[in-house]
Amino acid sequence: MNVVTFGTFDCFHIGHLNIFRRIKEKFPDCQLIVGISTDELNFSKKQRKPVVSHKHRVEIVSSICYVDEVFNEESLESKRDYLVQHNADILVMGDDHKGIYDELDDICEIWYLPRTPQISTTAIIEKIISEND
């Protein structure tokens, strides 16, 4: 079974690790395939590049014991193509995206995973900035 998830995984934190761990706990025999947003895709979404380079984010995520494979996510509009390309049985996304990817349920199951409370890359970056003002 192939499970695919996507993310930026900037300033890697426990919430990111929890995503991978929870997927493997629910689907222990799955191949966990992770799409990592490129710097360009992130800039188009947030008008800023990630703090950690794409190359390093790929290296970090690839080294996580729960992750079996990574690929570059270059376009939000290509989610369907990525899922087909990786023979996805399940797409896992954070529940902050609930309903957004429901139209993909014709090719795979969609599982919206609750986020880890009180942790986000944005919060980490804002904390660093505020502590250095």
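Only the coordinates and a few stated rules stand behind these numbers; no lab work does. These numbers were taken from a predicted model, which means no experiment stands behind them. So basically every Cβ, Gly included, is an ideal-geometry build from the backbone, and we count neighbours across all protein chains shown.
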Query raised in the report: Non-local amide H neighbours of GLY35 (under 5 Å, H modeled in plane, Pro and chain starts lacking H): which ones?
Result: THR5, PHE6, GLY7, PHE71
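Could you compute the longest span of the chain free of trypsin sites (Lys or Arg not before Pro) located in DSSP loops and having at most 13 other Cβ atoms within 10 Å, not counting the site residues? List each step's numbers first, then the result.
Details: sites that count: ARG48, LYS98.
The segment 49-97 is the longest one with no such site.
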Query raised in the report: So how tilted is helix 121-131 from the main axis of the chain? Cα-based, degrees 0 to 90, rounded to 10.
Result: 10
Report task. For LEU113, enumerate residues with amide H under 5 Å from its amide H, sequence gap 5+ or separate chain, H modeled in the peptide plane. Result -> MET93, GLY94, ASP95
Query - the chain: relative contact order as a whole-number percent, Cα under 8 Å and 6+ apart - result: 30
Query raised in the report: Given region 2-131, what count of lysine pairs have C-alpha atoms under 22 Å apart, with each pair 8 or more places apart or on different chains?
Result: 15
**Report entry** Two-site label geometry, LEU17 and SER63: point separation in nm, points 7 Å out along Cα→Cβ
**Finding:** 1.3
